[in-house]
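I have placed the structure first, in the form of structure tokens, so that the comments after it can refer back to it.
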Amino acid sequence: MRAIRLPPHLHLLTLGAPLFLTGAGEQIKFRTRKHFALLIRLAVEAGRRFTRDYLMDLLWGDAPAHLARHSLAQALSVLKEKVGREHLLIQRATVALVEGAVDADVAHLDVCDLQIRGAFLDGFDVPAAAGFGRTSGGRS
């Protein structure tokens, strides 16, 4: 029996100021930019497993390790609430977003009618997370 693949129920727009939307087009907001930044990092390469150490360094690099670990755990709790627990693959050393759970606009760059609203993550700064602009590393 084949699994039925449902269309994503959430949409991430990153070409321009980032927006996270429900299937009905309603905006989903985050209390902190770091929580949103974590979702963006996972969604841009959905299915890829990132090490917890990489994610902690990316977003909480200036914090002591025990505080960074706690902050990552809190952020993952928020993501479970926003995208659904079943869409996150959380293991002891790695974290991933299930491929297809969130429809990220950057995954459609080869489509001619893609609406580009601006530069990638235009105006989206994450205070105290200088490493957020990096896109390499962290693979398990």
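The values are calculated or read from the model by the stated rules, or taken from the named source; none is laboratory data. Worth saying up front: this structure is predicted, and the values here are computed from it rather than measured. Ideal geometry is used to build each Cβ from the backbone, glycine not excepted, and the neighbour counts take in all protein chains shown. For accessibility, only protein heavy atoms count, side chains too; no ligands or nucleic acids. Shrake-Rupley method; radii C 1.70, N 1.55, O 1.52, S 1.80 Å.
Highest GNM mean-square fluctuation among Thr32, Thr14, Thr51, for the chain modelled with Cα contacts below 10 Å: Thr32.
Remark: the range 83-94, residue by residue, has Karplus-estimated 3J(HN,Hα) of 10, x, 3, 5, 9, 10, 9, 10, 10, 4, 10, 9 Hz, where x stands for each Gly or Pro and the curve is 6.51 cos²θ - 1.76 cosθ + 1.60 at θ = phi - 60°.
With the simple spin-label model, which puts each label point 7 Å out from Cα in the Cβ direction, the Glu26 to Asp62 separation comes to 3.6 nm.
Extension gain for Ala73 to Ala128 (0.36 nm times residue separation, less C-alpha to C-alpha distance): 18.0 nm. Once both axes come from the Cα atoms, what is the angle between helix 33-44 and the longest principal axis of the chain, in degrees from 0 to 90, rounded to 10? Between helix and principal axis, roughly 60 degrees.
Sort out the exposed loop trypsin sites (Lys or Arg not before Pro) in the chain (DSSP loop, at most 10 other Cβ within 10 Å) and tell me the longest stretch that has none. Maximal segment without exposed cleavage sites: 32-91. Ligands, DNA and RNA left out, the accessible area of the range 1-111 computed with a 1.4 Å probe is 53% carbon and sulfur. In this simple spin-label model, placing a label point 7 Å from the Cα along the Cα-to-Cβ direction at both Leu89 and Thr51 gives a separation of 1.8 nm. Think of a 1.4 Å ball rolled over the protein heavy atoms: the chain then has 60 Å² of accessible area per residue. Each residue of the range 61-71 was assigned a 3J(HN,Hα) from its phi angle through the Karplus expression (A = 6.51, B = -1.76, C = 1.60, θ = phi - 60°), giving x, 8, 8, x, 3, 5, 6, 5, 4, 5, 5 Hz with x at Gly and Pro.
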